[in-house]
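Asker: Sharing a structure, written as C-alpha cells. Questions coming.
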Amino acid sequence: MIRVLLAEDQAMVRGALFALLNLESDIEVLGSAADGEAAWRELQRLKPDVLVTDIEMPGLTGLELAQRIQRHELPIKVIIVTTFARPGFLRRALDAGVSGYLLKDAPAENLAEALRMVHRGGRAIDPQLALEAWSEADPLNDRERQVLRLAGEGQSANDIASQLNLSHGTVRNYLSEAIGKLGATNRIEAYRLARQKGWL
C-alpha cells in the first residue's frame, strides 16, 4: 500500500482528491490538512510514504514543507499538485527534493500513476513544464527573493530591515539588485515579474 497525506487549503479540492485516491486499491489516504503547519504535524504523526501538497497554503507553503522534509531527512516523498504552471516554481520544487510536480488541470488518473511512480523511486513531472524550467534560470538569490516578496506585500524598507535584522541600507541594496537583475523600473514591477515567473 502507498500511504498518503494530503495538504490542500481548498476544502472542495481536498475532498475530491481524498475520494479519488481512495478509489485506488493500492493507495490509502491516511489523512489531510488544510494548511502547511497542520500538514507538518500530521507528517510527523502519521509518517506517510508520500505527501501530496498544493504550493500556496496558509502557514507553510508546499515548497517550504518540502524543504523542511529535506532538512529533517524524513523518508517521505513529495508530489506537488498546483495551478501554477510556472517554470520557476518547478525549479525551486526540484531544489527542495520534490519527486512529482503535476498541474491541477491534468487528467485525474495522472495523480494515481504519479504516486506509483514516485513510490517506486521515480519522478513524475509535467513534461511541458520540465522543458520550460530549464530554459530560464532564476536570477535572484534567497535574500533578494525574501526582501522583494516583503516589498511587494507593501512593507517599507524600514519594516523589512527590522523584520529580517538587516540595516536599512542593506535592504535597499537587495531591492536595487533584484530590480536590476529583473530589468524592472521599480520594486512593484520587479515583484510582479518575479511572481509571474514563479521565482517568488
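Asker: What residue, among those in segment 42-86 that are out of contact with any Phe, Trp or Tyr (no Cβ under 8 Å at 6 or more places or on another chain), hydrophobic (A, V, I, L, M, F, W, C) and farther than 12 Å from Leu5 by Cα, is surrounded by the most Cβ atoms within 10 Å (Cβ to Cβ)?
Answerer: Ala66
Asker: Does Phe89 satisfy being modelled with pLDDT under 95, open to solvent by 10 Å² or more (accessible area, probe 1.4 Å) and aromatic (Phe, Trp, Tyr)?
Answerer: Working: modelled with pLDDT under 95: yes; open to solvent by 10 Å² or more (accessible area, probe 1.4 Å): no; aromatic (Phe, Trp, Tyr): yes.
Taking the combined requirement at face value, the residue does not satisfy it.
Asker: Let me ask something additional. Filter segment 81-119 down to residues that are under 17 Å from Asp138 (Cβ atoms) and hydrophobic (A, V, I, L, M, F, W, C), then give me how many there are.
Answerer: The total comes to 8.
Asker: While we're on this one: Restricting to segment 124-161, what's the tally of residues that are in contact with a Leu (Cβ under 9 Å, 6 or more places away or on another chain) and of a type in the set (D, E, K, R)?
Answerer: Number satisfying all stated conditions: 7.
Asker: Given the condition assigned to a strand (DSSP E or B), of a type outside the set (A, V, I, L, M, F, W, C), open to solvent by 70 Å² or more (accessible area, probe 1.4 Å) and farther than 19 Å from Glu109 by Cβ, answer yes or no: does some residue in segment 34-41 qualify? Full working, then the answer.
Answerer: We begin by selecting, within segment 34-41, every residue assigned to a strand (DSSP E or B); these are none.
Among the residues of segment 34-41, not one is assigned to a strand (DSSP E or B), of a type outside the set (A, V, I, L, M, F, W, C), open to solvent by 70 Å² or more (accessible area, probe 1.4 Å) and farther than 19 Å from Glu109 by Cβ, which makes the answer no.
Asker: Among residues belonging to segment 110-129 that are open to solvent by 30 Å² or more (accessible area, probe 1.4 Å) and hydrophobic (A, V, I, L, M, F, W, C), point out the one that is nearest to Phe84 (Cα to Cα). Explain how you work it out, then say what you get.
Answerer: In the first step, residues of segment 110-129 are kept if they are open to solvent by 30 Å² or more (accessible area, probe 1.4 Å); the result is 110, 113, 116-117, 119-121, 123, 125-128.
Then drop every residue that is not hydrophobic (A, V, I, L, M, F, W, C), which leaves 117, 125.
Numbers: Met117: 22, Ile125: 13 Å.
Here the residue is Ile125.
Asker: Pairs only if they're at least six apart or on different chains, beta carbon under 7 angstrom, first in segment 40-61 and at positive phi, second of a type outside the set (Lys, Arg); list them, first residue then second.
Answerer: The qualifying pairs are Gly59/Asp35; Gly59/Gly36; Gly59/Glu37.
The values are calculated or read from the model by the stated rules, or taken from the named source; none is laboratory data. Source: prediction; values computed, not measured. Note that each Cβ is placed from the backbone with ideal geometry, even for glycine, and that neighbours are counted across all protein chains shown. Heads up: the accessible areas ignore ligands, DNA and RNA and are worked out on the full protein's heavy atoms, side chains in. Shrake-Rupley method; radii C 1.70, N 1.55, O 1.52, S 1.80 Å.
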